[in-house]
Amino acid sequence: MSSDNCKAVKVLSIRQLGKSSPGEEIAELRLEHPGWKSWRAGQFVMIRPLSWPLDLIWGRPFSICKGDGDSLTILFQVVGRGTSRLLELQKGEAVSMWGPLGNFFSKPADRPVLMLAGGMGIAPFCGYVDTHPEPENLKLFFAHRLPLENYPYAEIQKKVETEAFKENKVEDIQLIITKIKALVEEFSKKNGLVVACGPTPFLKTVQAAANEFGCEAELSLENRMACGVGACLGCVTRENDGHHTQVCTTGPVFKADAISLEE
């Protein structure tokens with residue numbers, strides 16, 4: 001990791017989105033722009049506050065949600081010690097951030113694109129919509145558990161066609177699967193591209209539908225990471241030829257027909 005890619009930046013603001021139970025909070029964190037020349041939707045950053053003690057040695061990976069010349073925004077959900085401590089950050093505090101890391105989603109200007117997001121997988125699609133050359137060609141289907149106001153859904157809804165489905169009970173999972181299959185089939189007939197981000201079971205559904213209907217699809221994996229630069233080998237996934245590859249450097253975005261999501 002070069003010093004050019006690792007910066008100490010200050011917190012500009014942090015706010016919780018919507019309302020949720022303790023331990024499920026979702027927050028929007030705005031940071032000083034690190035001075036990169038560019039970044040692309042689907043890439044991610046590693047973040048470690050300078051105030052963290054040595055028992056929190058590793059940074060945490062987050063999709064880049066959006067950014068401009070002045071700031072960079074990420075979303076995170078409280079899922080453990082690290083993200084709990086992130087929620088306690090104050091304006092002006094410094095964090096170490098390295099990136100932009102990994103590859104990114106394709107953005108064809110002349111094809112319809114179906115964005116499939118599960119839960120926190122909505123994060124990279126804020127920037128995707130903002131930077132796509134033809135946003136009128138985009139559609140988002142969003143499956144979620146928490147209320148919509150906990151996510152930046154309304155922001156995307158103002159710009160492109162959207163549809164959301166809230167999972168209230170176990171039986172709703174099959175309805176989500178059925179909807180995803182129908183949408184993928186529809187876009188396959190339009191020579192469309194499917195881009196997806198979410199938990200592994202969600203991505204397995206997208207991958208199976210893309211394979212069934214012969215639709216081109218790209219999947220952004222949410223594997224756990226420690227270093228973000230391929231050194232620790234903690235985030236590997238299996239390619240179809242049986243070899244393993246690091247998600248942080250080869251991905252996090254993969255062609256759906258290039259990897260196996262089975263254990």
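The values are calculated or read from the model by the stated rules, or taken from the named source; none is laboratory data. Computed from a predicted structure; not experimentally measured. Heads up, the Cβs are rebuilt from the backbone with ideal geometry, glycines too, and the neighbour counts pull from every protein chain shown.
Residue by residue, here is whether (1) without any contact (Cβ under 8 Å) to a residue 12 or more places away in the chain; (2) surrounded by 14 or more Cβ atoms within 10 Å (Cβ to Cβ); (3) over 25 Å from residue 237 (Cα atoms) holds:
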{"position": "139", "(1), (2), (3)": "no, yes, yes"}
{"position": "146", "(1), (2), (3)": "no, yes, yes"}
{"position": "149", "(1), (2), (3)": "no, no, yes"}
{"position": "164", "(1), (2), (3)": "no, yes, yes"}
{"position": "192", "(1), (2), (3)": "no, yes, yes"}
{"position": "205", "(1), (2), (3)": "no, yes, no"}
{"position": "215", "(1), (2), (3)": "no, yes, no"}
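Is it true that some residue in the range 132-140 is at pLDDT 95 or above, in contact with an Asp or Glu (Cβ under 6 Å, 6 or more places away or on another chain) and not assigned by TED's automatic domain parsing to the domain that holds residue 15?
Scanning the range 132-140 turns up at least one residue that is at pLDDT 95 or above, in contact with an Asp or Glu (Cβ under 6 Å, 6 or more places away or on another chain) and not assigned by TED's automatic domain parsing to the domain that holds residue 15.
Between 74, 173, which is in contact with a helix residue (DSSP H, G or I) (Cβ under 9 Å, 6 or more places away or on another chain) and surrounded by 15 or more Cβ atoms within 10 Å (Cβ to Cβ)? Please lay out each step first, then the result.
Values: 173 fails: surrounded by 15 or more Cβ atoms within 10 Å (Cβ to Cβ).
From the options 74, 173, the qualifying one is 74.
Tell me which of these residue 20 doesn't satisfy, since it passes every other one: (1) assigned to a strand (DSSP E or B); (2) touching a helix residue (DSSP H, G or I) at 6+ places or on another chain (Cβ under 9 Å).
For residue 20, the failing item is (1).
Quick check, is residue 134 among the acidic types (Asp, Glu), surrounded by fewer than 22 Cβ atoms within 10 Å (Cβ to Cβ), over 20 Å from residue 20 (Cβ atoms) and more than 14 Å from the chain's Cα centre (by Cα)? Steps first, answer last, please.
Values: among the acidic types (Asp, Glu): yes; surrounded by fewer than 22 Cβ atoms within 10 Å (Cβ to Cβ): yes; over 20 Å from residue 20 (Cβ atoms): yes; more than 14 Å from the chain's Cα centre (by Cα): yes.
Yes: the conditions hold for residue 134.
Only one of these is touching a helix residue (DSSP H, G or I) at 6+ places or on another chain (Cβ under 7 Å) and either surrounded by fewer than 17 Cβ atoms within 10 Å (Cβ to Cβ) or closer than 16 Å to residue 85 by Cα (or both): 14, 57, 26. Name it.
26
Of all residues in the range 146-178, which are assigned to a strand (DSSP E or B) and more than 19 Å from residue 128 (Cβ to Cβ)? Working first, answer last.
Taking the range 146-178 as the starting set, the residues that turn out to be assigned to a strand (DSSP E or B) are 161-166.
Within the range 146-178, 165, 166 qualify.
Mind checking which residues of the range 110-128 are crowded, with 21+ Cβ neighbours inside 10 Å and of a type outside the set (Gly, Ala, Ser)? Before you say what the answer is, go through the steps one by one.
Filtering the range 110-128 down to residues crowded, with 21+ Cβ neighbours inside 10 Å leaves 113-128.
Selection gives 113, 114, 115, 116, 120, 122, 124, 125, 126, 128.
Filter the range 87-102 down to the residues that are in contact with a strand residue (DSSP E or B) (Cβ under 6 Å, 6 or more places away or on another chain) and among the acidic types (Asp, Glu) and list them by number.
Listed by number, the list holds a single entry, 93.
Are any residues in the range 37-59 modelled with pLDDT of 85 or more and within 15 Å of residue 88 (Cα to Cα), and if so, which ones?
47, 48, 49, 50, 51
Step by step: first the residues of the range 77-109, then only those that are polar (S, T, N, Q), in contact with a Lys or Arg (Cβ under 9 Å, 6 or more places away or on another chain) and farther than 20 Å from residue 151 by Cβ, then the one that is surrounded by the fewest Cβ atoms within 10 Å (Cβ to Cβ). Which residue is that?
Let us first name the residues in the range 77-109 that are polar (S, T, N, Q), namely 77, 83-84, 90, 96, 103, 106.
With in contact with a Lys or Arg (Cβ under 9 Å, 6 or more places away or on another chain) added as a condition, the list becomes 83, 96, 103.
After this cut, where a residue has to be farther than 20 Å from residue 151 by Cβ as well, the list is 96, 103.
Numbers: 96: 15, 103: 17.
Residue satisfying both the conditions and the ranking: 96.
Let me confirm something: among 19, 10, 37, which residue is outside the structural domain of residue 219 (by TED's automatic domain parsing) and either within 20 Å of residue 151 (Cα to Cα) or of a type in the set (Val, Ile, Thr) (or both)? First the steps, then the outcome.
Values: 10 fails: either within 20 Å of residue 151 (Cα to Cα) or of a type in the set (Val, Ile, Thr) (or both); 37 fails: either within 20 Å of residue 151 (Cα to Cα) or of a type in the set (Val, Ile, Thr) (or both).
Of 19, 10, 37, the one residue that is outside the structural domain of residue 219 (by TED's automatic domain parsing) and either within 20 Å of residue 151 (Cα to Cα) or of a type in the set (Val, Ile, Thr) (or both) is 19.
Can you work out which of the residues in the range 79-114 that are under 15 Å from the mean Cα position of the chain (by Cα) and not in a strand (DSSP E or B) is farthest from residue 222 (Cα to Cα)?
Selected residue: 106.
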